[in-house]
Amino acid sequence: MEKKDVKSLNLKELECEIIELGYPKFRAKQIYEWLHKKNVNEFNQMTNISYKIQEELDGYFYITSLKIIKRLVSKFDNTVKYLYELSDGNFIESVLMKYKHGNSVCVSTQVGCKMGCTFCASTKAGFVRNLTPSEILEQIYAAGRDDGEKVSNVVLMGIGEPLDNYDNVVKFMELLSDENGFNLSLRHLSLSTCGMVDKIYELANLKLGLTLSISLHAPTDYIRSKTMPINQKWKIEEVIKACKYYAEHTKRRISFEYALIDGVNDGPKQAEELSRLLKGMLCHVNLIPVNQVKETDYRSSDRKSIFAFQKYLSDKGINATVRRTLGADINAACGQLRREQS
């Protein structure tokens, strides 16, 4: 018999499984709290459950856990980058970032990525598979156990495209926000997508309260199509239309990620085109100095160009900030450690 992934079950599903095994319903809540409040990874750590039941549970379920292969700590800002090994021998990354307002974890949603964005290291080693809800969740739990402090914010911006793993990501968010478990409000979660328009509409209709971040990175189809293959399927106009629908139905501000590439998308003309594109939207633009990827000759814009771009947008009434670079000395941008390990 193939064991079931107990950490990917919500409480109601777990109750059904426990009753089917012949145990009283209350056992499910005990197990659920051990998994999601106390973050144990072995049934024998569940001390209010008898040894006999622990053994039976261990024969029926497995508890997802991640093995830390590398742990890099920035000497500048205490950012921690983790390389994890999964049970099947694949590798993923996550990053723990420390701010005055609390700790944030940037997690992966897939092993690799299909999207093929030319400036991104995550896609270079290829796509292998989707992560399960428990494998996404465990990145948060593992960072909390390792660091010893509670995680207060989550960002789905690691390896993979979250909306390409839609069902598992939605289930992960259900588990993360469950008041019987980790109980993190989804207002403290950001989901970043390169623009899977059909899934943006589906997500909007769920009205989960999360922040939607769009990896835009260009103001025109001509530029975006050269760097982001997904633009061949969904043009910028379609992405913006979906974003307006999301903002209207959720009353949540859209965040647009814009990686500034020297000589590609960082000039005054692009700033003007972007301001026209976003005029009147409930949005924020997060300007990002592009990360160096050895297979390309892309270079980050210089500070003067970055802040000139920001000023132009701000002068046009568009809220724009420059992302603070964390973990620069440990290559904290996702994808690099996995490629080295593969």
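The values are calculated or read from the model by the stated rules, or taken from the named source; none is laboratory data. Note that this is a predicted model, so its numbers are computed, not measured. In this analysis, Cβ positions are derived from the backbone assuming ideal geometry, glycine residues included, and neighbour counts consider all displayed protein chains.
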message: Looking at GLU179 and the list (1) in a loop (DSSP other than H, G, I, E, B); (2) in contact with a helix residue (DSSP H, G or I) (Cβ under 8 Å, 6 or more places away or on another chain); (3) surrounded by fewer than 17 Cβ atoms within 10 Å (Cβ to Cβ), which single condition is not satisfied?
response: (2)
query: Got at least one residue in the range 89-108 being among the hydroxyl-bearing types (Ser, Thr, Tyr), assigned by TED's automatic domain parsing to the domain that holds GLN139 and out of contact with any Cys (no Cβ under 7 Å at 6 or more places or on another chain)?
result: yes
task: Working only within the range 189-201, note down all residues that are assigned to a helix (DSSP H, G or I) and either under 15 Å from THR250 (Cα atoms) or aliphatic (A, V, I, L, M) (or both).
output: VAL197, LYS199, ILE200, TYR201
field: Whichever residue in the range 214-238 is surrounded by 20 or more Cβ atoms within 10 Å (Cβ to Cβ) and among the hydroxyl-bearing types (Ser, Thr, Tyr) and, among such residues, is farthest from VAL155 (Cα to Cα)
entry: THR227
- prompt: Could you say which residue among LYS124, LYS150, LYS100 is at pLDDT below 95, over 25 Å from TYR245 (Cβ atoms), surrounded by 16 or more Cβ atoms within 10 Å (Cβ to Cβ) and among the basic types (Lys, Arg)?
  reply: LYS124
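State the number of residues belonging to the range 216-270 that are polar (S, T, N, Q) and more than 28 Å from LYS124 (Cβ to Cβ).
As a first pass, look at the range 216-270 and keep what is polar (S, T, N, Q): 220, 225, 227, 231-232, 250, 255, 265, 270.
Checking the rest, the ones that are also more than 28 Å from LYS124 (Cβ to Cβ) come to 250.
Matching residues across the range 216-270 total 1.
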query: Can you name every residue in the range 207-257 that is assigned to a helix (DSSP H, G or I) and of a type in the set (S, T, N, Q)?
result: SER225, THR227, ASN231, GLN232, THR250
- prompt: How about the range 124-153: which of its residues are hydrophobic (A, V, I, L, M, F, W, C) and either more than 12 Å from PHE182 (Cα to Cα) or not assigned by TED's automatic domain parsing to the domain that holds GLU257 (or both)?
  reply: ALA125, PHE127, VAL128, LEU131, ILE136, ALA142, ALA143
Per-region count, the range 138-176, residues touching a Gly at 6+ places or on another chain (Cβ under 9 Å) and either of a type in the set (Ser, Thr, Tyr) or farther than 24 Å from ASP198 by Cα (or both): 6
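Listed here are the residues, each with its yes/no results for (1) of a type in the set (Asp, Glu); (2) closer than 17 Å to GLU138 by Cβ; (3) in contact (Cβ under 8 Å) with a residue 24 or more places away in the chain; (4) in contact with a Gly (Cβ under 8 Å, 6 or more places away or on another chain).
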{"residue": "LYS7", "(1), (2), (3), (4)": "no, yes, yes, no"}
{"residue": "ILE31", "(1), (2), (3), (4)": "no, yes, yes, no"}
{"residue": "LEU35", "(1), (2), (3), (4)": "no, yes, yes, yes"}
{"residue": "GLU42", "(1), (2), (3), (4)": "yes, yes, no, no"}
{"residue": "LEU66", "(1), (2), (3), (4)": "no, yes, yes, no"}
{"residue": "SER74", "(1), (2), (3), (4)": "no, no, yes, yes"}
{"residue": "ASP88", "(1), (2), (3), (4)": "yes, yes, no, no"}
{"residue": "LYS98", "(1), (2), (3), (4)": "no, no, no, no"}
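Would you say ARG323 is of a type outside the set (Asp, Glu), under 19 Å from the mean Cα position of the chain (by Cα) and at pLDDT 95 or above?
no
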statement: Of (1) in a helix (DSSP H, G or I); (2) in contact with a Pro (Cβ under 6 Å, 6 or more places away or on another chain), ASP164 fails just (2)
- prompt: Looking at the range 260-309, which of the residues that are at pLDDT 90 or above, among the charged types (D, E, K, R) and in a helix (DSSP H, G or I) is surrounded by the fewest Cβ atoms within 10 Å (Cβ to Cβ)?
  reply: LYS304
